[in-house]
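Asker: First the structure, which I've put down as structure tokens, then a few questions once you've had a look.
The values are calculated or read from the model by the stated rules, or taken from the named source; none is laboratory data. Note that the structure is predicted; figures quoted are calculated from it, not measured. Here the Cβ is made from the backbone with ideal geometry for all residues, glycine too, and neighbour counts use every protein chain on show.
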Amino acid sequence: MKVMELTEQDVVALAAQRGEPAWLRDRRQEAFKAFSDLAWPTRRDEEWRYTDPGRFDVGRPVVDGAGEASEVRRGIVPGLGDEVAGSARLLDATVADVQLSDAAAEAGVVLADMASAAISHEAVVREHLGTVVGTGAKHDALNLAAHAPGLLVYVPPETVLDQPLAVTVQVSRPGTVLPRVLVVVDRHARANVYIDHVGDGDTTVVEVVEVVLGDGASAAIVSTQDWGDGVDHVGSHRVTVGRDAELRHLEATLGGRTVYLRPDCGLDHPGGQAELYGVYFGSGEQQIEHRSLIHHNASKTSSESVYKGALQGRSHATWFGNIRIEPHAKATSSDETNRNLILTDGAHADSIPFLEIQCSDVIRCGHHSSVGQVDELQLFYLTSRGIPRDEAVRMLVFGFFAEVTDRIDLPGVTDTLLAEIEDEIRSGELLTTADPRRTRRREQRQEASA
């Protein structure tokens, strides 16, 4: 079965095959109707202005079952070892290797396939599935209608986890994969959830990660995209933040042929706080887009967004950050920053900060954006002290990312990210620090004066 040929009978058959209850089958059918009514996006759509949706091959067959699980050595999750409260692997269209520590199991923490969770924890799944990321976009509707695998991560009220919950989304076969992860951190609970995306093949990944933070909850959500060169990934990663809840969210994109992500946040209740961070490193012909919406939909909410990227080869990155403040959302505070380093002549970055302020009672709202190269004075200072040029550039790149990595302050995250960024730099092309257009103009002036 191909995505283009998906029918309502296929959706019903999928629900029956997975043993899902009638209400979940009905929700799949409702999503399929929305999917059928929506057109596939084109470059004429504003949200796809910078990334050609044609790069995502929806003609590939939907993967059924699981291929061979190769050992995963890169990413944050492998580096944690046994220092986790629980772990699960979403391999192609299946959920495997689910484990919980004794303490987490006794506290009532849940890591379970969505089909079984819809029965054993019906109230949680029924209340939240599809409410954070619904059917407003074609890819989102497709995922809700035909997701496989699906995973529920649930942290009960007032539960505090000292160790993270680790999820690996892995592909091993060519085709289309539709993973969905629902994370619910209930009221006054504390938890960190890491999600690694790994694997390679001629694969299209249409993913949804929806996160619900209850009142007074606190959570860190880390998502890393470390795909191989044959993977195209379109994903919606959205969090809704409860009253007086606190969110830290990190997107780290290092691999994949095409990665298009929506790291959105809904501040729908008073007192909610959100920090959204991102790092990305593009190389080769890679194309990356992060299109984020921070929605202040309640009073006395606050947010900060900092995304930083470095590009080499002929890679292209786009960051579109939107802060929207509704008329009734008073006394809000928000700020967004995006910085880009261009390391080779063929790389390109688009940085588009956007503000929609519909309320006059705002404490603070600002944006900052830049695209540039390694500072030549800083480079001169390092090389004048005997540091080789390429090594000096690498040091400056690490320093550039430090504003984000130092703020993360989560076990196993910063060191792993910096190590993988170093691998990307060392495997890339010769780094440049001067705009070739300026160099040519300077040489022309020197020739004219000679």
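Asker: Inside the stretch 259-286, can you point out the residues that are of a type in the set (S, T, N, Q) and surrounded by fewer than 22 Cβ atoms within 10 Å (Cβ to Cβ)? Break it down into steps so the answer makes sense when it comes.
Answerer: If we filter the stretch 259-286 for residues that are of a type in the set (S, T, N, Q), which is where we start, we get 273, 283, 286.
The answer is GLN273, and nothing else.
Asker: Search the stretch 200-253 for residues being acidic (Asp, Glu) and in contact (Cβ under 8 Å) with a residue 60 or more places away in the chain, and hand back the single one that is surrounded by the most Cβ atoms within 10 Å (Cβ to Cβ). Don't jump to the end; show me each part of the working.
Answerer: Taking the stretch 200-253 as the starting set, the residues that turn out to be acidic (Asp, Glu) are 200, 202, 207, 210, 215, 226, 229, 232, 244, 246, 251.
Filter again for in contact (Cβ under 8 Å) with a residue 60 or more places away in the chain, leaving 202, 207, 210, 226, 232.
On the way: ASP202: 14, GLU207: 26, GLU210: 24, ASP226: 20, ASP232: 22.
Among them, the one singled out is GLU207.
Asker: Follow-up. Could you list, ordered by first residue, the pairs with Cβ atoms under 7 Å in which the first is in the stretch 137-153 and touching a residue at least 24 places away in the same chain (Cβ under 8 Å) and more than 13 Å from VAL12 (Cα to Cα) and the second is aromatic (Phe, Trp, Tyr) and part of a helix (DSSP H, G or I), at least 6 apart or interchain?
Answerer: Matching pairs, first to second residue: LYS138/PHE35; ALA141/PHE35; LEU142/PHE35.
Asker: For PHE281, indicate whether it is in contact with a Lys or Arg (Cβ under 6 Å, 6 or more places away or on another chain), in a strand (DSSP E or B) and over 22 Å from THR176 (Cβ atoms).
Answerer: Values: in contact with a Lys or Arg (Cβ under 6 Å, 6 or more places away or on another chain): no; in a strand (DSSP E or B): yes; over 22 Å from THR176 (Cβ atoms): yes.
Against the criterion (in contact with a Lys or Arg (Cβ under 6 Å, 6 or more places away or on another chain), in a strand (DSSP E or B) and over 22 Å from THR176 (Cβ atoms)), PHE281 does not qualify.
Asker: Inspect the stretch 42-51 for any residue being of a type in the set (S, T, N, Q) and more than 28 Å from ASP200 (Cα to Cα) and give the result as yes or no. Please lay out each step first, then the result.
Answerer: Looking only at the stretch 42-51, we keep the residues that are of a type in the set (S, T, N, Q), and these are 42, 51.
Now narrow it down to the ones that are more than 28 Å from ASP200 (Cα to Cα): none.
Checked against the condition, which is being of a type in the set (S, T, N, Q) and more than 28 Å from ASP200 (Cα to Cα), the stretch 42-51 yields no hits at all.
Asker: Taking the condition among the polar types (S, T, N, Q), over 27 Å from THR203 (Cα atoms) and in contact (Cβ under 8 Å) with a residue 60 or more places away in the chain, does SER87 pass? Working first, answer last.
Answerer: Details: among the polar types (S, T, N, Q): yes; over 27 Å from THR203 (Cα atoms): no; in contact (Cβ under 8 Å) with a residue 60 or more places away in the chain: yes.
Spelling it out, it is not the case that SER87 is among the polar types (S, T, N, Q), over 27 Å from THR203 (Cα atoms) and in contact (Cβ under 8 Å) with a residue 60 or more places away in the chain.
Asker: SER101 passes all but one of (1) within 20 Å of ASP196 (Cα to Cα); (2) within 22 Å of the chain's Cα centre (by Cα); (3) of a type outside the set (Asp, Glu); which number fails?
Answerer: The number of the failed condition is (2).
Asker: Let me ask something else about it. Is the stretch 325-348 home to any residue that is surrounded by 16 or more Cβ atoms within 10 Å (Cβ to Cβ), within 20 Å of the chain's Cα centre (by Cα), farther than 20 Å from THR405 by Cα and of a type in the set (S, T, N, Q)?
Answerer: The answer is no; no qualifying residue exists.
Asker: Could you please let me know if GLU422 is over 27 Å from THR337 (Cα atoms), at pLDDT below 85 and of a type outside the set (S, T, N, Q)? Before the answer, list the steps.
Answerer: Values: over 27 Å from THR337 (Cα atoms): no; at pLDDT below 85: yes; of a type outside the set (S, T, N, Q): yes.
When the stated conditions are applied, GLU422 does not pass them.
Asker: Another question about this same structure. In the stretch 284-297, how many residues are in contact (Cβ under 8 Å) with a residue 40 or more places away in the chain, part of a strand (DSSP E or B) and over 19 Å from LEU355 (Cβ atoms)?
Answerer: Qualifying residue count for the region: 2.
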